[in-house]
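Chemist: Take a look at the following structure, please.
The values are calculated or read from the model by the stated rules, or taken from the named source; none is laboratory data. Bear in mind that the values here come from a model prediction, so they are computed numbers and not experimental data. Quick reminder, even Gly has a Cβ in these numbers, built from the backbone with ideal geometry, and neighbours come from all protein chains shown. Quick note on the areas: whole protein, heavy atoms, side chains included, nothing else; ligands and nucleic acids left out. Shrake-Rupley method; radii C 1.70, N 1.55, O 1.52, S 1.80 Å.
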Amino acid sequence: KNFFINISFIYFFFSITILFYLLYRSFFVDESYNGAFYNKYYVIPSILILISSISYFFSNKLKKDSLVISFITIIIIYFFELVFFIKEDFIDKRDYRSKYDFYNDLKQKNIDPVVAIAPYTSIDRTMNISSLFPLAGISNKFTILCNENGFFSHYISDRHGFNNDNNLWDQQLDYVFLGDSFVLGSCVNPKDNFVGIFNSQNKNISALNLGYRSNGPLIELATLKEYSNKISYKNIVWTYYEGNDLSNLKDEKDNIILKKYLSYDFSQKLFNDQKRIDNYLNDILENEIKNLENDNKSINQESSFFKFIKIYRVRSFLTNKFINTSFQTKKSFTISEFNLFKEIILEAKDFSEKNNSNFIFVYLPSIERILNNNLKSNEFFFDDLILFLEENNISYIDTFNGLIKEYKNRRSLLAKYQIPGHFSVHGYKFIGEFIARSLLN
């Protein structure tokens with residue numbers, strides 16, 4: 001009898017332990033989330049506490065059966081955790097290091113790395129005063145991007161801080177790509193991003209990558225105007241990511257320097273001012289590294305043993321497999337940003353044509369649209385966007401309706417270990433090849 005009473009106590013103690021652990025994580029470990037991040041996780045210990053309390057009134061047979069079921073369930077869960085452990089750690093060789101540890105390990109190998117510093121970082125710094133606004137990263141440096149596919153992507157930046165080989169700047173270019181992190185190539189290596197795929201498959205055609213992480217439409221317009229006048233090219237490829245470009249524009253539109261790019265002739269003359277840009281960004285880099293160091297107490301710093309005990313891999317798999325695709329629905333932009341975006345596109349098209357080049361618009365769907373078959377067609381102003389492009393005779397490539405919509409395994413297009421995030425290596429290749437075919441046909 002006492003044994004069966006103790007079973008209920010064990011259930012209750014286990015439930016309370018999980019609850020207190022969540023409270024500890026929420027208020028003492030991950031304070032940056034202000035507790036909100038863990039709200040959804042409180043449901044599980046609450047249900048367990050309720051069931052364990054009711055279990056005191058179960059018959060001994062029911063308690064015995066529940067104990068057997070619980071034991072078998074735990075064995076099955078840890079079996080799958082072991083399978084994921086073997087696959088990720090020994091077959092895939094997933095890199096669990098933090099970005100700070102990866103940075104330090106490179107320093108130990110006498111490599112002088114930097115992290116990719118987004119132009120977006122300068123929005124607040126230049127909000128009320130007229131000063132420098134860089135549009136790329138530090139030049140000629142081993143640049144660390146991100147780890148969403150089990151490895152840290154990186155590249156050697158070119159003379160202007162972009163993700164290219166330096167010799168491309170001296171060539172007659174067929175295509176110049178503009179965009180955000182999806183054009184830059186987060187989180188894959190250079191040969192696997194859109195431009196890398198395009199250049200490798202078309203030996204007689206060259207493309208330049210002017211994308212950078214967190215770019216919105218106004219920064220992209222600034223990039224077009226600052227760097228296109230000094231090079232020779234035939235086509236501008238403007239890549240629009242539905243998931244956050246308009247949200248980024250909401251932040252960009254009030255910046256003193258960025259607003260000036262709506263005027264045709266404005267320029268900071270950045271092309272020949274890389275030394276000043278690098279000095280400016282190196283000051284920001286110091287703070288970036290300090291922030292990475294402060295954030296280094298993340299779950300990624302735990303040993304494989306503790307990850308195993310906490311079934312880290314099973315939980316990650318379930319989160320990615322059954323994630324609620326509503327994470328993009330709380331839009332932080334309005335019709336005002338969309339109307340400004342249309343003005344920017346027309347300005348970019350006009351600028352391109354005055355420089356004797358074609359203007360091509362590429363639409364990339366949001367992660368939510370990729371995963372959610374029930375998303376309304378005009379969510380994120382999609383129908384309005386297509387109508388605008390057609391009314392203004394703007395050539396466009398619709399990667400969703402033209403390719404992704406009919407693809408059965410859409411999840412495989414996305415980053416292996418993080419949602420929301422970027423594309424997988426397969427995703428970049430699948431979409432990049434479609435863009436290349438569409439441009440060349």
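Chemist: Which one of ILE311, ILE277, ILE54 has the biggest mean-square fluctuation once the chain is modelled by GNM with Cα springs under 10 Å?
Modeler: Looking only at ILE311, ILE277, ILE54, the largest GNM fluctuation is found for ILE54.
Chemist: If you put +1 on each Lys and Arg Cβ and -1 on each Asp and Glu Cβ, how big is the dipole of the chain around its Cα centre, in Debye rounded to 20?
Modeler: 1660 debye
Chemist: Quick one: check the C-alpha center-to-center distance for the stretch 239-265 versus the stretch 334-405, whole angstrom.
Modeler: Using only Cα atoms, the two centres lie 15 Å from each other.
Chemist: Nearest 0.05, what FRET efficiency do PHE9 and ASP92 give at R0 = 41 Å with Cβ-Cβ as r?
Modeler: 0.50
Chemist: Can you list residues from other chains, or at least 5 along the same chain, whose modelled amide H is less than 5 Å from the amide H of TYR233?
Modeler: Distant-sequence amide H within range of TYR233: LEU173.
Chemist: From the residues PHE182, PHE361, ILE205, which one has its Cα farthest along the dipole of the chain in the positive direction, the dipole being from +1 and -1 charges on Cβ of Lys/Arg and Asp/Glu about the Cα centre?
Modeler: Value: PHE182.
Chemist: At 1.4 Å probe size, with every protein chain present, just tell me what the per residue accessible area of the stretch 352-405 comes to in Å².
Modeler: Heavy-atom SASA per residue in the stretch 352-405 reads 45 Å².
Chemist: Note the full-extension length gain between ILE77 and ASN294 as 0.36 nm times their separation in residues minus their Cα-Cα distance, in nm to one decimal.
Modeler: Answer, rounded to one decimal: 74.8 nm.
Chemist: While we're here: If you count the DSSP beta bridges with both ends in the chain, what percent of them are antiparallel, to the nearest 5?
Modeler: DSSP beta bridges in the chain are roughly 15 percent antiparallel.
Chemist: Turning to a different aspect of this structure: With the dipole of the chain worked out from charges on the C-beta (+1 for Lys and Arg, -1 for Asp and Glu) around the Cα centre, which of TYR103, LEU340, PRO45 lies farthest toward the positive end?
Modeler: PRO45
Chemist: Right, here's the next one. Once the mean 1/r over all distinct Cα pairs of the stretch 57-115 is inverted, what Kirkwood radius in angstroms do you read off?
Modeler: 15.4 Å
Chemist: On the protein heavy atoms, probe 1.4 angstrom, tell me the percent of accessible surface of the chain carried by carbon and sulfur.
Modeler: Taking all protein chains in place, the chain shows 56 percent carbon and sulfur surface.
Chemist: May I ask for the angle, rounded to the nearest 10°, between helix 425-440 and the longest principal axis of the chain, with both axes built from Cα atoms and the value confined to 0 to 90°?
Modeler: 30 degrees
Chemist: Specify the angular offset, from 0 to 90 degrees and rounded to the nearest 10, of the alpha carbon long axis of helix 43-54 from the longest principal axis of the alpha carbons in the chain.
Modeler: Once rounded, one gets 10 degrees.
Chemist: Continuing with the same structure: Hey, what does the equivalent ellipsoid look like for the stretch 353-441, semi-axes from the Cα gyration tensor as sqrt of 5 times each eigenvalue, largest first, whole Å?
Modeler: The answer is 25, 17, 11 Å, longest axis first.
Chemist: For the stretch 132-226, report the accessible area per residue in Å² (1.4 Å probe, heavy atoms, rounded to an integer).
Modeler: Roughly 25 Å² per residue, with all protein chains present.
Chemist: Moving on to the next point. Could you work out how much longer the chain between ILE256 and SER336 gets when fully extended? Use 0.36 nm per residue separation minus the Cα distance between them, nm to one decimal.
Modeler: Full extension of this stretch gives 27.0 nm more.
Chemist: Same structure again: I'd like the projected area of the stretch 199-317, averaged over all directions, using the convex hull of its alpha carbons. Report it in nm² with one decimal.
Modeler: So the Cα hull casts an average projection of 12.3 nm².
Chemist: At q = 0.10, 0.13, 0.22 Å⁻¹, what is the log10 ratio I(q)/I(0) for the stretch 41-192, with the Debye formula run over Cα points and no solvent?
Modeler: Cα-only, vacuum Debye calculation for the stretch 41-192: -0.63, -0.80, -1.38.
Chemist: Counting pairs of alpha carbon atoms under 8 Å apart in space and at least six apart in sequence, what relative contact order in percent does the chain give?
Modeler: Computed value for the chain: 16 percent relative contact order.
Chemist: Can you bin the chain into rounded, prolate or oblate? Criterion: square roots of the alpha carbon gyration tensor eigenvalues sorted a ≥ b ≥ c, rounded for a/c under 1.5, prolate for a/b above b/c, oblate for the rest.
Modeler: Prolate, since a/c reaches 1.5 and a/b exceeds b/c.
Chemist: Given R₀ = 25 Å, what would the calculated FRET efficiency be for ILE156 paired with ASN204, taking r from the Cβ atoms and rounding to 0.05?
Modeler: Given R0 = 25 Å and the Cβ-Cβ separation, E is 0.55.
Chemist: On the full set of protein chains, 1.4 Å probe, figure out the accessible area of TYR11 and give it in Å² to the nearest 10.
Modeler: 50 Å²
Chemist: Can you give the helix-only mean residue ellipticity at 222 nm for the chain, where every DSSP H stretch with n ≥ 4 adds -39500 (n - 2.57) and the sum goes over all residues, rounded to the nearest 500 deg cm²/dmol?
Modeler: -13500 deg cm²/dmol
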